[in-house]
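Trainee: Before anything else, here's the structure in question.
The values are calculated or read from the model by the stated rules, or taken from the named source; none is laboratory data. The structure displayed is predicted, hence computed values, not measured ones. Using ideal geometry, Cβ is built from the backbone for each residue, glycine included, and neighbour counts are taken over all protein chains shown.
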Amino acid sequence: MGEELKYTIFSTSAGWVGVLGSSKGLRRLTLPQRSQDEAYLLLGREARDAQPSPFEDLSNRLIRYFDGDEVSFPDELDLSGTPFELEVWRVVRLIPYGETQSYKWVAKMVGRRGAARAVGGALGRNPLPIIIPCHRVVASGGGLGGFGGGLEMKRHLLSLEAWKKPRSA
């Protein structure tokens with residue numbers, strides 16, 4: 001490929017987070033892990049060929065995010081996925097900090113009414129949690145739905161965001 005990949009692993013108040021990116025943008029972000037090694041392994045095979053890079057601005061924003069600060073992530077992305085996945089991820093990225101939307105709403109926004117389950121599948125393959133805030137997508141009936149990082153992590157992320165800005169009913 002010849003493409004230059006970069007990665008970093010850093011500590012947050014919630015655990016160790018890993019980031020993998022290319023010259024085009026971010027490719028992968030791990031949710032907080034218990035160790036640096038776990039975060040590195042979750043970055044996947046591409047991390048083996050990547051060079052260490054501080055990603056200082058992003059690292060600082062993620063540290064602040066896990067400390068409960070409202071932070072935005074306007075970073076460039078370098079994503080691979082199906083056209084449907086890419087569109088779901090684009091829409092979910094628009095959900096503001098401290099707010100939630102339903103799987104059904106996302107399906108409607110991508111022009112696929114009735115595809116809430118497929119939206120859940122696309123979100124389960126989201127390589128950039130937090131940056132693409134899939135934790136902000138919940139079940140229509142008010143339940144949490146699923147989350148690749150586990151429901152306890154989803155609750156934690158939603159409570160972090162609700163701390164600063166309460167969600168409307």
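Trainee: Can you confirm whether PHE66 is closer than 19 Å to PRO96 by Cα and surrounded by 15 or more Cβ atoms within 10 Å (Cβ to Cβ)? Please lay out each step first, then the result.
Mentor: Values: closer than 19 Å to PRO96 by Cα: yes; surrounded by 15 or more Cβ atoms within 10 Å (Cβ to Cβ): yes.
Yes: the conditions hold for PHE66.
Trainee: Just to be sure I understand the filter: pairs with C-beta atoms under 6 Å, separated by 6 or more residues or on different chains, first member in segment 50-75 and over 18 Å from SER22 (Cβ atoms) and touching a residue at least 60 places away in the same chain (Cβ under 8 Å), second member among the polar types (S, T, N, Q) and not in a loop (DSSP other than H, G, I, E, B). Which pairs pass?
Mentor: Note: pairs meeting the criteria are PHE66/THR12.
Trainee: Then there's this: On the basis of being among the hydroxyl-bearing types (Ser, Thr, Tyr), modelled with pLDDT under 95 and over 16 Å from ILE131 (Cβ atoms), does SER13 make the cut? Spell out the reasoning first.
Mentor: On the way: among the hydroxyl-bearing types (Ser, Thr, Tyr): yes; modelled with pLDDT under 95: no; over 16 Å from ILE131 (Cβ atoms): yes.
Taking the combined requirement at face value, the residue does not satisfy it.
Trainee: Surrounded by 15 or more Cβ atoms within 10 Å (Cβ to Cβ) and under 27 Å from ALA162 (Cα atoms) - does that describe any residue in segment 42-54?
Mentor: Within segment 42-54 (the criterion being surrounded by 15 or more Cβ atoms within 10 Å (Cβ to Cβ) and under 27 Å from ALA162 (Cα atoms)), the answer is no, since none of the residues qualifies.
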